[in-house]
Amino acid sequence: MNEILRKKRLAQGITLFEVKNELIAAKAKPGQFVIIRLKEKSERIPLTLQDFNPEKGVINIVFQVVGKSTKELDQLNEGDKIKDIAGPLGRPTEIENFGTVICVGGGVGTPEIYPVARGLKNSGNYVISIIGARSKEFMIMEEEMKAVSDELHITTDDGSYGKKGFVTDALKELINNNKKIDRVFAVGPVVMMQAVSETTRPYKIKTLVSLNPIMLDGTGMCGVCRVEIGGKTKFACVDGPEFDGHLVNYELLSKRLNTYLKEEKEAVELFEKTCKEGCNG
Amino acid sequence: MAKKIIPHKIPMKEQPPERRIKNFDEVPYGYTEEEAIQEAKRCLQCKKATCIDGCPVEIDIPGFIEAIAQGDFRSAIKRLKEKNVLPAVCGRVCPQEEQCENFCALNKKYEPVGIGRLERFIADWEARQGPAPLPKIPEKTGKKVAVIGAGPGGLTVAGDLIQLGHSVTIFEALHRPGGVLVYGIPEFRLPKAIVYREVDYLIRCGVELKLNFVVGKTATIDQLLEEFDAVYIGTGAGLPWFMNIPGENLNGVYSANEYLTRSNLMKAYLFPEYDTPIVKGKQVAVIGGGNVAMDCARTALRLGADEVRIVYRRSKKEMPARNEEIHHAEEEGIIFEFLTLPVKYIGDENNWVRKMECIRMKLGEPDASGRRRPVPIEGSNFTLPVDTVICAIGQSPNPLIPQTTPDLKVAKWGNIEVDPRTGKTSKKRCWAGGDVVRGGATVILAMGDARIAARSIDEYLRTGVW
């Protein structure tokens, strides 16, 4: 259990693990996440599932290397084990035949939107996907997204691949082409999800976003993942992580995500110092 | 011949306040063998032992105390463990003053026998002798029981049923067993090694433990019932309450559950050796007057706060915390703001809490709980500077199981309904007890519920009659 069967570098600083866990693989649905704890002194971190296969008994997780925990996680290799994985957590994405849907994935959000797009495609929707990245080298999951989408649009901030611009530029264009869009799903950085929601708001297109606040237990016990939805406090771990993008207080989400900025920096510095000493010795 | 009565409990030595507020080590040291024997000799060995009536798990109190008095510690622990699988825990965290000690015959005129202290002593004595000898376990019945939640209730059910020959598997959502004993109660009040020792004992008895298993998510109750003959739900009260006042989502405002889980389960007090961070506030306000509020306040102090306030809307008399906890908090310099209610939190531009606005209260007519209802004094608003706020006003049961078990009857606040005589829920082959039934109560009441349910489960497994 929890053995890493496959490690794949999707882009600089973005890694995919295929992990053995029959229990979670059997129950997982698009939009759900797991909480992992790497080893004895590690913190618990939430990671959205990129894929799951009940027959093979495996789940896929994708993470971006940002802090100490993800740096440490990235040092694991095939055959290594993750100490604890709990899940699948959160409410699954509501999937049915809505008609025409747009799935927007930004950066490390693309792997998370992938099972949603696939589920929507399998339910008979016309799936238009937009995936964006800073530049070509950070573009990930293109082949996979192509396979589950009727149309795939690609944007990069610097224009090194696909269309130059943001995912919202492509989204605006699609909406302006007068195609009837029944629903939009967006996963990515907070600013991106906010921009997508602002883009669809004037058109009253129902837009769902997957929020990524700080979590601890992930089962509704601690309440650190409080988010404000339409002025009401919700726990993202049990009430979400998916919410109506037009009702989310993004500013609060961003600021709460900064709670432990100072501690995270301290942990990374200490980690790099120890690592350097270790590597030299 | 009348025995000479020693009016007071033999004192239990403890870390002095000025030293202990700088560490997370346990506060009381516990009795030495001589002290324990002396205290045990205070027991009158009443023929009709009313103390037992005050014990939710019906420990033979005069029995184990007599054995201590005779220096026969081996028999004492054996007597105790017949009824209590977690004596080292209960000796530390039970509200003895309301239970056994309240009913002690000495209590009418003198201090009662220190039953809790003696329970703790004998459990710790056993631990020092090496791994506890295992009880004789009867032949397997072939029946399988799933216990959901490795807290005090779940551990008690597991201990009782494994000793009756049933197979028991405990499913725990977190990565450590112990439930509130591990995530909630701080190290300085209940060292975690004690909890793990008790869990280890159960595992050596044959109990299976599955961690990281979130029932309701990883599997539903109905799926467990396909494999197991009976299910005990002891998932506790894991949904924290907030007051729904402005500013509660500011950074630095915690639920007690989060604050304590970070510090206790994740060992954030050892950051950065452990990865989980916690805000080490300098001016801390803890909202609430229960044991959990005391735990939060004393934790904040140990994390380096300059000033820690307990903000409680009623007066000292109505505080639900144990006297011992209030006493320890006072000794350590916690400031009590009685008859005070927060009305809003004020933050800075980065969403960090900086001030709290409060209103003073006065006591009015008694409410449903029999305590005088606090009413706001208009115009008495004032502000306090704070950089950390911990909301310890209570919690209700976690909804994950009721949400995924449609035929399980729940009452207001999401508490599971049970027959109090058996612990049976509305769903066949499912029992429940502890905080998931009662809302926020105590460790020992959860263990009492568990004992009742274990009896009923065993009867069902033997007879097949629901």
TODO: Within the range B:265-323, count every residue that is closer than 28 Å to B:Gly116 by Cβ and within 12 Å of chain A (Cβ to nearest Cβ).
DONE: 2
TODO: Please enumerate the residues belonging to the range A:153-173 that are surrounded by fewer than 19 Cβ atoms within 10 Å (Cβ to Cβ) and either touching an Asp or Glu at 6+ places or on another chain (Cβ under 9 Å) or among the polar types (S, T, N, Q) (or both).
DONE: A:Ser160, A:Tyr161, A:Lys163, A:Lys164, A:Gly165
Task: Filtered residues of the range A:200-211 (kept if surrounded by 22 or more Cβ atoms within 10 Å (Cβ to Cβ) and out of contact with any Asp or Glu (no Cβ under 9 Å at 6 or more places or on another chain)) - done: A:Thr200
Task: Pairs where the first residue, in the range A:138-165, is at positive phi and the second is part of a helix (DSSP H, G or I), C-beta under 8 Å, 6+ apart - done: A:Met141/A:Thr110; A:Met141/A:Pro111; A:Met141/A:Tyr114
Task: Where B:Gly333 falls short, out of the listed (1) more than 22 Å from the chain's Cα centre (by Cα); (2) within 14 Å of chain A (Cβ to nearest Cβ); (3) under 30 Å from B:Arg20 (Cβ atoms) - done: (2)
TODO: Can you tell me which residue within the range B:436-453, out of those that are assigned to a helix (DSSP H, G or I) and touching a Phe, Trp or Tyr at 6+ places or on another chain (Cβ under 8 Å), is farthest from B:Gly149 (Cα to Cα)?
DONE: B:Ala453
TODO: Kindly check whether there is at least one residue in the range B:158-168 that is of a type in the set (Gly, Ala, Ser), more than 14 Å from chain A (Cβ to nearest Cβ) and closer than 30 Å to A:Leu216 by Cα.
DONE: yes
Task: From the options A:Glu251, A:Glu263, A:Glu272, residue that is out of contact with any Ser or Thr (no Cβ under 8 Å at 6 or more places or on another chain) and closer than 17 Å to A:Arg44 by Cα - done: A:Glu263
Task: Subset of the range A:80-139 (residues that are under 17 Å from A:Asp51 (Cα atoms) and of a type in the set (Asp, Glu)) - done: A:Glu94, A:Glu112
Task: Unmet requirement for A:Glu266, which otherwise passes all of (1) out of contact with any strand residue (DSSP E or B) (no Cβ under 6 Å at 6 or more places or on another chain); (2) away from chain B (no Cβ under 14 Å) - done: (2)
Task: Odd one out for B:Tyr259, checked against (1) in contact (Cβ under 8 Å) with a residue 60 or more places away in the chain; (2) more than 9 Å from chain A (Cβ to nearest Cβ) - done: (2)
TODO: Would you check if B:Leu155 is closer than 21 Å to B:Glu258 by Cα and part of a helix (DSSP H, G or I)?
DONE: no
Task: Number of the condition not met by A:His153 [criteria: (1) within 14 Å of chain B (Cβ to nearest Cβ); (2) out of contact with any Pro (no Cβ under 9 Å at 6 or more places or on another chain)] - done: (1)
- [ ] Output yes when any residue across the range B:152-162 is under 24 Å from A:Arg44 (Cβ atoms) and more than 15 Å from the chain's Cα centre (by Cα), and no when none is.
- [x] no
Task: strands (runs of 3 or more DSSP E) enclosed by the range B:331-389 - at least 3 residues per element that are over 17 Å from B:Gly290 (Cα atoms) and among the hydrophobic types (A, V, I, L, M, F, W, C) - done: B:353-366
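Before we move on, is A:Ser197 away from every other protein chain (no Cβ under 14 Å), surrounded by 14 or more Cβ atoms within 10 Å (Cβ to Cβ) and touching a His at 6+ places or on another chain (Cβ under 8 Å)?
yes
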Task: B:Glu258 being in contact with a Cys (Cβ under 7 Å, 6 or more places away or on another chain), of a type in the set (Asp, Glu), surrounded by 19 or more Cβ atoms within 10 Å (Cβ to Cβ) and on the phi < 0 side of the Ramachandran plot - done: yes
Open item on the list: Take the residues in the range A:16-41 that are part of a loop (DSSP other than H, G, I, E, B) and over 24 Å from B:Met266 (Cβ atoms); name whichever of them is farthest from the other protein chains (Cβ to nearest Cβ).
Closed with: A:Pro30
Task: Residue ID - nearest to the other protein chains (Cβ to nearest Cβ), chosen from residues in the range B:198-213 that are crowded, with 17+ Cβ neighbours inside 10 Å and under 21 Å from the mean Cα position of the chain (by Cα) - done: B:Leu209
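So which of A:Tyr250, A:Tyr260 ends up being within 20 Å of B:Thr276 (Cα to Cα) and touching a residue at least 12 places away in the same chain (Cβ under 8 Å)?
From the options A:Tyr250, A:Tyr260, the qualifying one is A:Tyr260.
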TODO: Can you tell me which residue within the range B:382-427, out of those that are surrounded by 13 or more Cβ atoms within 10 Å (Cβ to Cβ), under 30 Å from B:Arg309 (Cα atoms) and among the hydrophobic types (A, V, I, L, M, F, W, C), is modelled with the lowest pLDDT?
DONE: B:Trp413
Task: Among the residues listed as A:Ile131, A:Ile95, A:Ile85, A:Ile102, the single one being without any contact (Cβ under 8 Å) to a residue 60 or more places away in the chain and not basic (Lys, Arg) - done: A:Ile131
TODO: Inspect the range A:160-182 for any residue being in contact with a Leu (Cβ under 8 Å, 6 or more places away or on another chain) and either within 27 Å of B:Glu248 (Cα to Cα) or more than 14 Å from every other protein chain (Cβ to nearest Cβ) (or both) and give the result as yes or no.
DONE: yes
Task: Spans of strands (runs of 3 or more DSSP E) in the range A:42-111 with at least 1 residues within 14 Å of chain B (Cβ to nearest Cβ) and either surrounded by 24 or more Cβ atoms within 10 Å (Cβ to Cβ) or aromatic (Phe, Trp, Tyr) (or both) - done: A:44-53, A:58-64, A:84-89
- [ ] Identify, by number, the condition in (1) more than 27 Å from B:Val214 (Cα to Cα); (2) among the basic types (Lys, Arg); (3) within 14 Å of chain B (Cβ to nearest Cβ) that A:Lys204 doesn't meet.
- [x] (3)
Task: Residue satisfying condition, being over 22 Å from B:Lys217 (Cβ atoms) and touching a Pro at 6+ places or on another chain (Cβ under 8 Å), within set B:Val443, B:Val465, B:Val436 - done: B:Val443
Open item on the list: Go through the range B:216-256 and report how many residues are more than 10 Å from chain A (Cβ to nearest Cβ) and closer than 21 Å to B:Ala454 by Cα.
Closed with: 13
Task: When residues of the range B:178-197 are limited to those that are surrounded by fewer than 24 Cβ atoms within 10 Å (Cβ to Cβ) and free of Cβ contacts under 8 Å to residues at least 40 places away in the same chain, the one nearest to the other protein chains (Cβ to nearest Cβ) - done: B:Tyr196
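The values are calculated or read from the model by the stated rules, or taken from the named source; none is laboratory data. Treat the numbers as computed from the prediction; the structure is a model and nothing was measured. Methodologically, a virtual Cβ is constructed for each residue, glycine included, from the backbone with ideal geometry; neighbour enumeration extends over all protein chains shown.
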